[in-house]
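Down below is the structure, laid out as structure tokens.
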Amino acid sequence: MKKTATYDVLVIGAGPAGLSFARALADTELNICLLERQVESVLAAPPPDGRDIALTHDSMRLMRELDMWAHIPRNEISPIRQARVFSGTSSYFLGFDTKGTGKDALGVLVPNNEIRRAAYNAVKKFRNVTIRGKAEVKKVSTGDVHGTIMLANGEKLTAPLIVAADSRFSSARTQMGIPVSLKDFGRAAIVCRMAHDKPHGEIARECFFDDWTLAVLPLQGRQSSIVITLPADQAGDVMAMAPKAFDERIEESFGATLGRLKLVGEKFMYPLVATYASDFAARRFALMGDAAVGMHPVTAHGYNLGLAGADMLAGEIRNALSLGIDIGAPSVLEAYALKHRRASAFLFYGTNALVNVYTDNRPAALMLRAAGLRIANHLPPFKKYVTRQLTGKAA
């Protein structure tokens, strides 16, 4: 029988949320261990995965506070000055800008692999944070005094608090008996980068067609991040398209705004499934990141919510330490769960409702879709709310 290792906090999953949480507590005296299935070399140098993450100003602030922002190359940060939403090929759009916010951009785009690399680099120097790659968690359980994790190699780890940040299909969440609401949209997202002849003006554009959507998001220079969402049974055909045929399809759909479009690199495909845990905490156990809330990407809030949740949980733990309270006490975890639910519930269910409207092909829904843009354009409170979510300012 292998020896039991004891820590103060065990974190399952060393993705951006798990690493950000560990960094937020790294300057305390807590002994933290992150358990990750991938080898550590992949955490140190994550390969590109096609995803560019839209970061809000609040997320950028937190990344600066956590020493992550300094590790993002300047040429990988792409500002979004405006955002426009179109219904099909119509020239009419619902627009958002920074007017009245005091900000020069709604947010920025950063490649997902650069965020992961930055999070790892911000954490690795701390001696009280252990990152264990190739760690396969087989069993998770908790008691009144501590939680226990059994690894596939037979090792036993214990800690007063276990935090699961192991994806929207979290095995740890299932083992702890926390139900989850799951919404399978029957769709897939295809992401890639394309070069174009004309400048994008640092404007993000999203076009909703009858049964698919096309987002064209501004990157450095004359390149854009492309996000296509379409029925899952059509995704394979688009993935198999030759580059020239793919270029032509996007050009035909998007119009002449950016001139000729050309695929750069490879395409990546991801299934679209949204999840929302019935609770974000249990006895000596907390959920974070996608394990708590797995967002549809249409509003680009997934990582922003994950980072905010990591900050909330770390804040409650810091407060407990200052008061001499057990960091795994119900009062600590319940306070976190309540805050995170308040911050995420409206966004999650509102996003799903929006997706339902824009993926419904019935005539009435198509009419509502087109009318909705015009109505929303004349609702200042709605536009102020959306802008405030991005900039962190009352617009």
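The values are calculated or read from the model by the stated rules, or taken from the named source; none is laboratory data. Note that the structure is a prediction, hence the values are computed from the model and not measured. Virtual Cβ from ideal backbone geometry, glycine too; neighbours counted across all protein chains shown.
The residues listed here are 23, 37; of these, the one that is over 11 Å from residue 129 (Cβ atoms), within 23 Å of the chain's Cα centre (by Cα) and among the basic types (Lys, Arg) is 37. As a summary of the residue check, residue 169 satisfies the conditions (1) within 30 Å of residue 200 (Cβ to Cβ); (2) surrounded by fewer than 17 Cβ atoms within 10 Å (Cβ to Cβ); (3) among the aromatic types (Phe, Trp, Tyr) except for the one numbered (1).
Scanning the range 278-298 for residues that are of a type outside the set (A, V, I, L, M), under 30 Å from residue 90 (Cβ atoms) and either at pLDDT 95 or above or outside any loop (DSSP other than H, G, I, E, B) (or both) yields one hit, 297.
A single entry from 201, 186 fulfils the requirement of being in contact (Cβ under 8 Å) with a residue 40 or more places away in the chain, surrounded by fewer than 20 Cβ atoms within 10 Å (Cβ to Cβ) and in contact with a helix residue (DSSP H, G or I) (Cβ under 6 Å, 6 or more places away or on another chain): 186. Pull up the range 299-332, narrow it to residues that are assigned to a loop (DSSP other than H, G, I, E, B), modelled with pLDDT of 90 or more and not β-branched (Val, Ile, Thr), then point me to the one that is farthest from residue 229 (Cα to Cα). Result: 324.
In summary, strands (runs of 3 or more DSSP E) completely within the range 92-148 and bearing 1 or more residues that are of a type in the set (Gly, Ala, Ser) and surrounded by fewer than 19 Cβ atoms within 10 Å (Cβ to Cβ) occur at 93-96, 137-142. Once the range 1-45 is narrowed to residues that are buried (at least 24 other Cβ atoms within 10 Å of the Cβ) and of a type in the set (Val, Ile, Thr), the residue that is farthest from residue 317 (Cα to Cα) is 12.
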